[in-house]
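The values are calculated or read from the model by the stated rules, or taken from the named source; none is laboratory data. Bear in mind that the values here come from a model prediction, so they are computed numbers and not experimental data. Don't worry about glycine lacking a Cβ; one is built from the backbone with ideal geometry, like all the others, and counts go over all protein chains shown. Side chains included, ligands, DNA and RNA excluded: accessible areas come from the protein's heavy atoms. Shrake-Rupley method; radii C 1.70, N 1.55, O 1.52, S 1.80 Å.
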Amino acid sequence: MFKPVSILLFCLFSSILLSGQPPGNNEGHTKGLKGAISGTLVDSMTTVPIEFATVGILEINSGNVINGGLTDEKGGFRIGEIPEGEYNIQISFMGYSTRTISNIQLTPKRPDYNAGTILLAPHQELLEEIKIIGEAALIEAKPDKIVYNAERDVTTRGGDAADVLRKVPLLAVDLDGNVSMRGSDNVRILINGRPSSMFNSSIADALKMMPADQIKSVEVITAPSAKYDAEGTAGIINIITKKKNVEGLTGNTDVTTGTRFTRGNANLNYGRGRMGLNVSGGGHYGYPQDGTSSLLREEYNLPGTSLLNQVGTTTTSRYGYRTNAALEYNLNAFNTFNGEISYRGGHNTNVNDVLSEYKVDEVLFDSYLREQDGASDRSGWEWELDYTHLFPKEREWSISAELDRDHDLSDADYALAYFYPANQEPSLDNNINKGTNLEWSFQTDYIHPFNEDFTVETGLKASLRDIESAFTYRLFNQDAMDWSIDPERTDIFYYDQNVLAGYVSTTSRIGDKISLIAGLRAEATDLNGSFAFFTSPFDNFYTNWLPSITLSKKVSDLNQVKVSYNQRIQRPNQRQLNPFVEYNDNRDISYGNPYLSPEYVHQVEIAGNFFMKGNMVSVSVYGRQTDDLIESLLTINEEGVSETTFENFGTRSALGVNLFGTLVVAKKLTLRGGIDVNIWSEEGQLENEELSNSGSDYSGRVNLTWNVSETLRAEGFAFFRSPTYTVQGKTPSWTIMSMGIKKELFNKRFTVGINITEPFRENQSFVRELSGTDFYQYSENIRPVRSLGVSLGYRFGKMDFNERERKKDNNEMKEFDQGSDNQFRG
């Protein structure tokens, strides 16, 4: 736990901050407060409710439509996100005369207006309706981030979160779901602006539990400001889920079935007055998939030369689910409460048969068949509670608490039957790991605009994490027909990591074209670890001061350039720390390293967004240096067994370029694409041996969208990534292609879609090469990649609606420029 002085300082700072901003003070100018206008529309002759009538909210002075929507099945409407001021309500529907209700005033003390029952008179002529048009761009380039609006992409329908991230600029996602940004795996993934323990153990497994159809957008933040957690040396990925609160009841359900998986999810929204409720859930099942593997390793550390040759087959399958319930209540225009709880789970099975042959100087040493029957279960839940208070002059204070618990269980049986030596008895082993991860976090933030050109944000956060991993290795005694525990490979690992953070960030406008975001974040980390039986406890305490600065300039109304510098930190994750030994094979084991230190990154970036005749180009150049680099390394022990673990290897320097853009080929045809190139060098020590390597890697993507009609859209997507390198070798290159078509029917309530991945090949080969002074290893895995899926979707309730007024997430950066000058449409 924290040092007593840290707790005292935290409590003292919180008390000063909160006492200086009493929540009850609501007097004065309230430009930032929002209200709502509601009412019920009925036929003036029959008093029957009129559904799907168009309601527009117009400013009296300018006459501009600032918001709008449609009435529900009971004729009701409620339109939020309306600032204080004077407005007219304009209502129209085919076959009725247009109705205008004038001179409506919204004030800080009365931010809502209920027009009551509104009578609409029938008319003989057909009236032109008010159209509220505002479709989000597929990709948006903003001053501080890249936004990918996943809900507009039909090719991800029926997939999972990994399928969505593959389409996002600057990201690379392999077939297993492992994510990298600009050549680095050290990314921080947030859900709605918050960290989640579901990503602590395995990002790839967590992404498979999240349906693509529940993702609204993905934000990629390469130069996070000081208010974000400092973890994630490559940057931050923020996944925004679909959670809209509306007046009345709406919902949707989607089912996708195909040759490789079946997936279904449902979403239900209910809103009444200032209360909103969202409930969602989904699950997936991946059919058993067969693959093959081979491995060839030469070893030079023994007298003579040894050779390991293995071939095998693998069958894998998985299922998973995720449920979520969120409640929002706006007490008034000044106070908002949010609560949310979610539950998740998943199960993987893996059956692996390997035929192994080991020779020393061409003489057979052993030969055996190894059968592995393994399964892993994962479950967890999260609970969140937030309160936000708006002060006069757009000041805002928020406080939040979150509890996150994750459970992991892996259980594998290993059966070994020897062909040589002939007298070697068969063996049966069992390897079990039970892990829990409990994390508490508390956060408070305050935003104070001193004027239109200068804003200060400050806050505190405490994250308390407890990890427990109980690993057991059992041996089966053929004579006694009983299991016995191997004490050398059985223990319980306890690990505590507590982080106390504080930050201050300023946003300044310099003239009409220049903006500056500068901040400093301090993080104090206290950690300790111990074992139940092994006698090697450890602890560490360190403090980091992490500056960040971004300077941007508009070179025209639509074009912008920026330069940024920041420092980041990457603490080792649960998988990298856990000393649990995974026996992939008698001659191949892997485990974590509980003595790892964090890595530190310095990064400079120069970027520009340019809009030219309806097309957009975004280019960035960056330099990055990583110290105390955490890297997976392989060594060969004296028995000829390969051991893979993580080490603080050394230093890695990188220089990269990212380029992506959009091209409107024709009125209904749009082409988007990008390429990322990374040149790097790496050097360090391993077992007192100097190692170094250098090279380059690259990736790219292209997406073609054809809006055939208002209700029919087709898309195609292709991605490629070159081999990526470490100091010991390279990881596989790979490509993927997909295409899909979506048709909306019955007033856009029903949707049918077809998606196909890799139509021209059934399998793909993944080759990995590693080498050291005493070994060379070549491995190949062949896995199925082709899939065909059909998806059906149904929506009910009001079809077009506006999102209820909500507070911004605590970790979401307040955007300096609220306009759309820095966006481009795909």
Quiz item: Given the alpha-carbon gyration tensor of the chain, what are the semi-axes of its equivalent ellipsoid in whole angstrom, ordered largest first, with each equal to the square root of 5 times an eigenvalue?
Solution: 51, 31, 26
Quiz prompt | Simple label model, 7 Å out from Cα along Cβ direction - Val555 to Gln625, nm | solution = 2.8
Quiz item: So, with +1 on the Cβ of K and R and -1 on the Cβ of D and E, and no other charges, what is the size of the charge dipole of segment 279-432 about its Cα centre, to the nearest 20 debye?
Solution: 520
Quiz item: So what is the calculated 222 nm ellipticity per residue for the chain, using -39500 (n - 2.57) for each DSSP H run with n of 4 or more, over all residues, to the nearest 500 deg cm²/dmol?
Solution: -1000 deg cm²/dmol
Quiz item: Residues of segment 515-536 with amide nitrogen under 20 Å from the 7 Å Cα-to-Cβ point of Asp453?
Solution: 515-519
Quiz prompt | Partners for Lys145 among aspartates and glutamates (Cα-Cα distance below 12 Å; same-chain residues under 8 apart left out) | solution = Glu219, Glu812, Glu815
Exercise. Ratio to report: Rg/Rh of segment 169-231, with Cα atoms as the point set and Rh obtained by the Kirkwood method; give two decimals.
Key: 0.93
Practice problem: Sorted from largest down, give the three principal axis spans of the alpha carbons of segment 202-359, whole angstrom values. | Solution: 80, 42, 20
Practice problem: Report, in debye and to the nearest 20, how large the dipole of the chain comes out about its Cα centre when Lys and Arg carry +1 and Asp and Glu carry -1 on their Cβ. | Solution: 4140
Self-check item: Label zone at Asp774 (point 7 Å along Cα-to-Cβ), backbone N below 19 Å, segment 581-597
Solution: 586-591
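At 1.4 Å probe size, with every protein chain present, just tell me what the per residue accessible area of the chain comes to in Å².
So the chain comes to 44 Å² accessible per residue, rounded to a whole number.
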Quiz item: Pairs Lys216/Lys667; Lys208/Lys553; Lys34/Lys227: which exceed 29 Å Cα-Cα?
Solution: Lys208/Lys553
Quiz item: Any idea which of Thr490, Asn544, Thr349 is furthest toward the positive side of the dipole for the chain, if Lys and Arg beta-carbons carry +1 and Asp and Glu beta-carbons -1?
Solution: Asn544
Quiz item: Spin-label point model (7 Å from Cα, Cβ direction): what's the Ser102 to Gln424 distance in nm?
Solution: 9.5
Quiz item: So how tilted is helix 4-19 from the main axis of the chain? Cα-based, degrees 0 to 90, rounded to 10.
Solution: 10
Quiz item: Using mean Cβ contacts within 10 Å as the protection proxy, how do 748-759, 498-509 order, highest first?
Solution: 498-509, 748-759
Quiz item: In square angstrom, rounded to the nearest 10, how much accessible surface does Asp163 have for a 1.4 Å probe?
Solution: 50
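May I ask you to compute the full-extension gain from Asn350 to Tyr595, defined as 0.36 nm times their residue separation minus their alpha-carbon distance, rounded to one decimal in nm?
Gain in length upon complete extension: 85.2 nm.
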Practice problem: Can you send over the carbon and sulfur percentage of the accessible area for the chain, probe radius 1.4 Å, protein chains only? | Solution: 56
Quiz item: Of Lys393/Lys554; Lys142/Lys393; Lys554/Lys742; Lys242/Lys461, which sit over 30 Å apart, Cα to Cα?
Solution: Lys554/Lys742
Exercise. Could you tell me the distance between the Cα centroids of segment 305-319 and segment 766-796, to the nearest Å?
Key: 14
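Using a 1.4 angstrom probe with every protein chain in place, what is the largest-first accessible-area order of Asp539, Asp160?
Details: Asp539 120, Asp160 25 Å².
The residues order as Asp539, Asp160, largest area first.
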Quiz item: Distance from the Cα centre of segment 202-230 to that of segment 334-370, in angstrom?
Solution: 24
Quiz prompt | Label-point gap, in nm, between Arg272 and Asn637 - each point 7 angstrom along Cα→Cβ | solution = 6.5
Quiz item: Extension gain Thr490-Asn64, at 0.36 nm per residue separation less the Cα-Cα distance, in nm?
Solution: 146.3 nm
Quiz item: Tell me, what is the FRET efficiency for Asp411 and Glu710 to the nearest 0.05, using R0 = 51 angstrom and their Cβ-Cβ distance as r?
Solution: 0.45
